[in-house]
Amino acid sequence: GSKGEGGNGFSFYMADMGAQTALHLRMESELQRALQRREFVLHYQPVVDIATGHLGGVEALLRWQPQGKPMVSPADFIPLAEETGLIVPIGEWVLETAMAQQVAWQQGGLPPVRVSVNLSARQFLGQDVAQRVAVLLEKTGCDPRALTLEITESVLMQNPVAATATMARLAAMGVQLAIDDFGTGYSSLASLKRFPIHSLKIDRSFVSDLIDDADDAAIVDAVIGLAHSMKLNVIAEGVETADQLAFLLAHGCDQMQGFCYSRPVAPDAIEALLRAAPAGQGQQGNLTTAA
Ligand code: C2E
Ligand code: MG
Ligand code: MG
Ligand code: MG
């Protein structure tokens, strides 16, 4: 209720809070059970080299499929998982599953493919993530040079000193680092200079209005130029149309992800894509060199 409703406003507010808390508690225990019941799956979205059209890698994206219920999008449960700390075991499962998948594709005779995994704030800042990643690489047999970890700008800026140390350890292991959703935080591109990052992912919000909004077009162009001057690989997120793709090609953007090429898909579909690809695709030099 609004302020104008006097005393009732407060009690409605309290009732809302109660309902919200009950919902959160139920979601929390469902998330806990989801891991044991194996209700989480990973889908993978191709990352494409714009100039060649070759597959440059895939991004692992978490899906929750509760039994007999509709699929839940990560946007709807990751914030809660983050708040309750459940993101740590869930994120551990994601890392291990994505690494094991990378190994399974390669052992199946497919070209090596780079796999990107999203890390949450709590995972990146709250536990010894470099140590955890090292343990899981060892356990799965995954080549560290085939792994990219994505963190958002805001996570970096929450604790730049700790972030720098963690990133340095990961980079020394051969793992690549990408800044996700770039442009949505408050950091300048120049402030990223001190971090050992490999790629910058331009947030979908700038890409979606590229054609109609001259400001967004200018921002995307500037980010590509500055990122290249810092020797960073630039990936555009959420590319949906041929016009957007043409703009990105003309402005020298390195890679893209988006519905215009493929939605996130089940591992089988990635396997089919890799099988159809000419030799050398999937790695495109990025297992050995900095793009
Ligand atoms: P993100 O890492 O920025 O992932 C990109 C999101 O954009 C994905 O949404 C993807 O499906 C969507 N997308 C890709 N291309 C297009 C397009 O052309 N158009 C539109 N409209 N959307 C596109 P998704 O899978 O729902 O994931 C949302 C966010 O949830 C991710 O954003 C990431 O921040 C988080 N997330 C997903 N999986 C994980 C995970 O395993 N761990 C953590 N910590 N976060 C995850
Ligand atoms: Mg991402
Ligand atoms: Mg993103
Ligand atoms: Mg996003």
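The values are calculated or read from the model by the stated rules, or taken from the named source; none is laboratory data. Just so it is clear, the model here is predicted, and its values are computed rather than measured. Ideal geometry is used to build each Cβ from the backbone, glycine not excepted, and the neighbour counts take in all protein chains shown. For accessibility, only protein heavy atoms count, side chains too; no ligands or nucleic acids. Shrake-Rupley method; radii C 1.70, N 1.55, O 1.52, S 1.80 Å.
For the stretch 239-251, backbone phi angles converted through the Karplus equation (6.51, -1.76, 1.60; θ = phi - 60°) give residue-by-residue couplings of 7, 10, 10, 5, 5, 4, 4, 4, 4, 5, 4, 5, 9 Hz, Gly and Pro being listed as x.
Highest mobility in the GNM of the chain, judged by mean-square fluctuation with C-alpha springs under 10 Å and restricted to GLN65, GLN101, GLN36, is found for GLN36.
Placing unit charges on the Cβ atoms only, positive for Lys and Arg and negative for Asp and Glu, gives the stretch 51-188 a dipole magnitude near 260 debye about its Cα centre. Using the Cα coordinates of the chain, the gyration tensor eigenvalues translate into equivalent-ellipsoid semi-axes of 32, 25, 20 Å, sorted from longest to shortest.
Between the stretch 141-171 and the stretch 183-247, the C-alpha centres lie 19 angstrom from each other. Given +1 at the Cβ of Lys and Arg, -1 at the Cβ of Asp and Glu and no other charges, the dipole of the chain around its Cα centre is 980 debye to the nearest 20. Working note: Debye formula, equal point scatterers on the alpha-carbon atoms of the stretch 83-227, no solvent; log10 I(q)/I(0) at q = 0.11, 0.18 Å⁻¹ is -0.46, -1.05. Accessible surface for the stretch 138-224, divided over its residues, is 45 Å² per residue with a 1.4 Å probe. Largest accessible area first, the listed residues TRP64, TRP93 line up as TRP93, TRP64 when surface is computed with a 1.4 Å probe on the assembled protein chains. Summarising the strand pairing of the chain, around 40 percent of its internal DSSP beta bridges are antiparallel. Remark on LEU177: its backbone amide H falls under 5 Å from those of LEU149, HIS198, SER199, a criterion applied only to residues 5 or more positions apart or on other chains, H modelled at 1.01 Å from N.
Our coupling estimate for the stretch 67-83, obtained by passing each phi through the Karplus curve with A = 6.51, B = -1.76, C = 1.60 and θ = phi - 60°, is 4, x, 10, x, 4, 9, 6, x, 4, 8, 10, 5, x, 5, 4, 5, 4 Hz, Gly and Pro reported as x.
Peptides 220-232, 39-51 ranked from most to least packed give 39-51, 220-232, packing being the mean of other C-beta atoms within 10 angstrom over each peptide's residues.
Compared with the dominant principal axis of the Cα atoms in the chain, helix 214-229 is inclined by about 50°. Per-residue SASA remark: ARG37, around 120 Å² accessible (1.4 Å probe; ligands, DNA and RNA not included).
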